[in-house]
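Below: the structure, in structure tokens.
The values are calculated or read from the model by the stated rules, or taken from the named source; none is laboratory data. Owing to the predicted nature of the structure, the values given are computational and were not obtained by experimental measurement. Neighbour counts are summed over all protein chains in view; Cβ atoms, including those assigned to glycine, are modelled from backbone coordinates with ideal geometry.
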Amino acid sequence: MYMHPSDYPKQMHVNEILTDNNYMDWSQEIMNFLFAKNKVGFVDGSIKKTDNNSPLYMLWMCCDAMVNGWLTTTMEKEIRTSVKYANSSYKIWNDLKERFGKESAPRAYELKKSLLMTHQDGTIVPVYYIKLRSLWDKMDLVLPIPKCSCEACTCNIGKNTSELKEKEGIYEFLMGLDDQFVVINTQILAMKPMPSLGNVHHLVSEDERQRIISADKKPIFEAAAFKASVSRLDVNQNHRRDNFFSKEKRTEEIENCKHCGKDGHLREGCFKCIGYPDWWPGNRKCQTLL
């Protein structure tokens with residue numbers, strides 16, 4: 001019954017506000033909060049209300065009022081109005097459990113349908129597994145595993161039911177995987193004995209991780225091959241260009257004069273057409289003068 005100075009009625013921050021169809025999720029979150037505050041006994045009745053003359057009476061009333069405030073601030077307005085006259089958090093909790101916490105066939109049908117329609121659909125394996133895990137947890141709240149009530153248990157009802165649910169979860173998980181996991185799927189189903197659900201998730205995740213690593217390497221090899229192909233193309237183009245200019249140069253070198261018929265010069269530079277220069281050995285003009 002210790003209250004921390006920082007506690008106040010509207011302190012609770014939860015993801016689920018109680019409505020007509022989410023009691024299971026809401027109650028689970030509320031119980032986690034109350035466990036953290038060490039106040040579960042006020043809602044399950046284990047901490048009884050003290051007598052008016054007891055020195056702990058006012059302390060009990062203070063703690064119970066605080067828990068009452070935590071509960072009512074996480075409800076829809078209509079539900080909060082229906083429980084505001086309850087004189088203890090224990091009565092509020094029992095009233096809500098009676099109204100919303102009973103086994104619901106429509107809710108179980110809805111969850112079962114969601115399980116059948118949940119597939120990987122291209123998402124990574126951990127995300128797909130988390131979706132299924134959430135649905136399985138909700139199913140456990142709606143349809144809890146039956147417990148054995150005999151004194152010296154020899155029937156193992158709870159154990160057998162739990163094992164059956166785990167196998168069912170393995171089949172649901174494998175059925176929803178994408179087609180690329182057919183090989184690992186077959187290998188898991190062939191294992192004797194069947195691995196646990198956690199190990200199945202680990203094996204499939206490892207297979208996916210190897211695929212991602214292989215896919216990351218492939219573009220590197222393709223880029224290297226493309227670069228080598230481009231390099232070979234550049235070499236071939238340079239070789240053809242060099243051959244072209246070499247051929248053109250050779251053509252110029254062997255081209256002969258159309259006037260005198262000799263090689264090594266063109267008609268425009270033929271001395272027989274334009275005249276011999278003064279420095280030319282054996283100048284024709286000099287010979288003529290002599």
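So here's what we get for this one:
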| item | result |
| --- | --- |
| Qualifying positions in region 55-85 - part of a helix (DSSP H, G or I) and among the acidic types (Asp, Glu) | 64, 78 |
| Residue tally, condition without any contact (Cβ under 8 Å) to a residue 24 or more places away in the chain and of a type in the set (D, E, K, R), over region 100-135 | 5 |
| Out of 133, 80, sole residue that is surrounded by fewer than 17 Cβ atoms within 10 Å (Cβ to Cβ), assigned by TED's automatic domain parsing to the domain that holds residue 204 and within 28 Å of residue 12 (Cα to Cα) | 133 |
| Leading residue by the ranking (farthest from residue 31 (Cα to Cα)) among those in region 41-54 that are of a type outside the set (D, E, K, R) and not in a helix (DSSP H, G or I) | 53 |
| Lone unmet requirement of (1) surrounded by 10 or more Cβ atoms within 10 Å (Cβ to Cβ); (2) modelled with pLDDT under 75 for residue 200 | (2) |
| Matching entry among 31, 12, 61, 24 (being over 30 Å from residue 136 (Cβ atoms), surrounded by 12 or more Cβ atoms within 10 Å (Cβ to Cβ) and among the aliphatic types (A, V, I, L, M)) | 61 |
| The listed residue being within 22 Å of residue 84 (Cβ to Cβ) and touching a residue at least 24 places away in the same chain (Cβ under 8 Å), out of 25, 44 | 44 |
| Test set (1) among the polar types (S, T, N, Q); (2) surrounded by 12 or more Cβ atoms within 10 Å (Cβ to Cβ); (3) at pLDDT 75 or above - residue 256 fails condition number | (3) |
| Given (1) farther than 18 Å from residue 20 by Cβ; (2) buried (at least 16 other Cβ atoms within 10 Å of the Cβ), index of the condition residue 72 fails | (1) |
| Matching residues, region 116-130, being surrounded by fewer than 18 Cβ atoms within 10 Å (Cβ to Cβ) and either in a helix (DSSP H, G or I) or not β-branched (Val, Ile, Thr) (or both) | 116, 117, 119, 121, 122, 126, 127, 130 |
